[in-house]
């Protein structure tokens, strides 16, 4: 099987790493000449929407993506070359926060109160209904906290309106959550669905920093998350891996957004599960049976942001697994991650105690403040 | 770190797969244009002993090997280019069965009775001392059961003598073993040693077919194996991964041979341990701290010989991990392996029950006859 992947970043890289042992070959399409997935296959340095892309992918058996903002017309054109999985419908829903929220609503998946905002008048009306604080977001192309602004008072309206471009926005009510979490599930072409355990996630400045699995929550919350993500996968007749991000609130789980691809919150599945999200995505895309998602003990993932820390200091920590994406350092860029695996919670705590001595104050504080007291 | 590997087969391939996430890059030297490691780095199609090899490796930080029959003069020449680990001494000992047996003897590691055989007269004298049955072996270049002949009666002598070339041979006494086993250990440049659990191994026609870990043996036998392999590593001031193959007999463990490299009997460490033998070999070679060798449950590895079976039928088996080496089919060739991982023995048994329905009669018989009743 030859797989074409739009995007050659770390998600494509980890997909390929998991697919080569299954006898798969990979071609990546990325405008960047130093796209890090190239270590695992052929890199086609091209724009996704251009003709060379289509030509370069003609010998592929399947096409998939490592990011969700692929224009619909590109996906349609690629469909002539090879089956694109997941298909355009899932992308269409995930690319527009308004469509996404309406889909959730239609499926009885709880969402924050929201309203379409296309004019200043819309915004004022939405605030009257939803109240403050609230979050004003662009409908499209938001990621890692970009394309959104928190409105705490009426003074925040005008700057936010200007910053976000003043059209195609959505206002969402503020959610008082105990914690953010995410659930990753995979649906095969035969409709079979497998789920990974719910992860607890910690963001900082809009960027995911930590994920802990299984999330230390009641069994009912875990089953509820599974039920919600399965509903979404079935409705979309989805093929591949999808992550649903959720807020855990007093009123139960509330959906934030979904990503129609492998997801940072489930990177721990490489070291913490029998079959990783990356391999299961490829299995689904290639009509192969889905793999065992059983966790082996517990796992805590930390993202390395900006630049890789010195590896040697970490490799001596029991149960710590290292993932350098081979990317150049750049502020705010995800350049790698580490996953701590342990049989039980006390093993994770021992590992965290060793990690906090090695990381910057900000990461140490996230580890100590956000993650540990909640166990 | 850039690592040069002599040999571009599956061992080099799996080393590179484990090293890329640690930020390492790889160059492989192999005379075969389709060497399967090439999926993970740059392939230098060259003979190991030739000048282009040295030139092609000049930008490497370390050099290591995926096979043990590298001539000493090649290793010496490579030493001028970059540190070669493990070093020439371990290769010298492993390349000659007589030197190897004498090393074991010097270290009080039990060996079968043996004698140097350089003439027909030596052979007759050796048989008088050692008795029959016995095994006549070439001192050098034996692998996968090649270069040896079992002598059951005096009639077997002349054909074996002719087949094996009639010089540089060794006669070894027949060992009545219950089972064959192997222990893999890794020594760092600081002298630290980590061991994997003892594996039970099953050969057929001289080729490894199955490995089960941990070997279901008494704790004393496990500690004895560790003690023996640690003695060997320390004596050789070895850096890297080494496997000691042993016979389990009524009189305890008897050493068969050692391999100064990553080894087929420990392929299960990819899926069954926190840190694989491949990654730990590279960590040792690169002066990095050695990784956690803790097993996660139990593991059973099956080699795919000759050609890969149809993957889809196996991927549905819970806990089964797939490793296609991307090699062309050829009789007797190791083309891939599968590892079954499970929390406990009953999980392994359930997996085996599913596997035997899919494999050829010979493999099914090995699985049922050799492995399972002994649990």
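Scanning segment B:307-326 for residues that are in contact with a strand residue (DSSP E or B) (Cβ under 7 Å, 6 or more places away or on another chain) and in contact (Cβ under 8 Å) with a residue 12 or more places away in the chain yields a total of 11. For segment A:318-346, what are the residues that are closer than 11 Å to residue B:274 by Cβ and either more than 10 Å from chain B (Cβ to nearest Cβ) or crowded, with 20+ Cβ neighbours inside 10 Å (or both)? A:319, A:320, A:321, A:339, A:340, A:341, A:342, listed by residue number. The strands (runs of 3 or more DSSP E) located wholly in segment A:134-197 that include 3 or more residues which are under 30 Å from residue A:274 (Cα atoms) occupy A:177-187, A:193-195. Counting just the residues of segment A:57-80 that are more than 21 Å from the chain's Cα centre (by Cα) and without any contact (Cβ under 8 Å) to a residue 40 or more places away in the chain, which one comes out nearest to residue A:16 (Cα to Cα)? My answer is A:58.
Given the conditions (1) modelled with pLDDT under 95; (2) surrounded by 19 or more Cβ atoms within 10 Å (Cβ to Cβ), which single one is not true for residue A:79? With (1) modelled with pLDDT under 95; (2) surrounded by 19 or more Cβ atoms within 10 Å (Cβ to Cβ) applied to residue A:79, the lone miss is (2). Checked against the criterion of being more than 21 Å from residue A:319 (Cα to Cα) and away from chain B (no Cβ under 14 Å), the candidates A:201, A:243 yield just one match: A:243. Scanning segment B:294-313 for residues that are within 10 Å of chain A (Cβ to nearest Cβ) and under 25 Å from residue B:346 (Cβ atoms) yields B:294, B:296, B:297, B:313. Among the residues of this structure, residue A:1 does not count as one that is within 14 Å of chain B (Cβ to nearest Cβ) and surrounded by 21 or more Cβ atoms within 10 Å (Cβ to Cβ).
The criterion of being surrounded by fewer than 21 Cβ atoms within 10 Å (Cβ to Cβ), assigned to a loop (DSSP other than H, G, I, E, B) and within 14 Å of another protein chain (Cβ to nearest Cβ) holds for residue B:34. Please work out which residue is nearest to the other protein chains (Cβ to nearest Cβ), limiting yourself to segment B:7-23 and to residues that are surrounded by 24 or more Cβ atoms within 10 Å (Cβ to Cβ) and either modelled with pLDDT under 95 or part of a loop (DSSP other than H, G, I, E, B) (or both). Among them, the one singled out is B:8. Count of segment A:286-313 residues, restricted to those that are in contact with a helix residue (DSSP H, G or I) (Cβ under 6 Å, 6 or more places away or on another chain) and over 27 Å from residue A:215 (Cα atoms), is 1.
Tell me yes or no: at least one residue of segment A:65-76 is surrounded by 14 or more Cβ atoms within 10 Å (Cβ to Cβ), part of a strand (DSSP E or B) and not assigned by TED's automatic domain parsing to the domain that holds residue A:250.
yes
Evaluation of residue B:191 against the conditions (1) on the phi < 0 side of the Ramachandran plot; (2) in contact with a helix residue (DSSP H, G or I) (Cβ under 9 Å, 6 or more places away or on another chain); (3) in the same structural domain as residue B:304 (by TED's automatic domain parsing) shows that the sole unmet condition is (1).
With respect to the conditions (1) free of Cβ contacts under 8 Å to residues at least 60 places away in the same chain; (2) surrounded by fewer than 21 Cβ atoms within 10 Å (Cβ to Cβ); (3) farther than 24 Å from residue A:89 by Cβ, residue A:198 lacks only one, and its number is (2).
Filtering segment B:123-139 to residues that are within 18 Å of residue B:98 (Cα to Cα) and surrounded by fewer than 15 Cβ atoms within 10 Å (Cβ to Cβ) leaves B:124, B:125, B:129. The set of residues from segment A:204-220 being out of contact with any helix residue (DSSP H, G or I) (no Cβ under 8 Å at 6 or more places or on another chain) and either surrounded by fewer than 16 Cβ atoms within 10 Å (Cβ to Cβ) or under 20 Å from residue A:272 (Cα atoms) (or both) comprises A:205, A:206, A:217, A:218, A:219, A:220. Exactly one residue out of A:259, A:284 is under 30 Å from residue B:314 (Cα atoms), touching a strand residue (DSSP E or B) at 6+ places or on another chain (Cβ under 6 Å) and within 12 Å of another protein chain (Cβ to nearest Cβ): that is A:284.
The values are calculated or read from the model by the stated rules, or taken from the named source; none is laboratory data. All of these numbers come straight from a predicted model, not from anything done at the bench. Backbone-built Cβ (ideal geometry, glycine too); neighbour counts: all protein chains shown.
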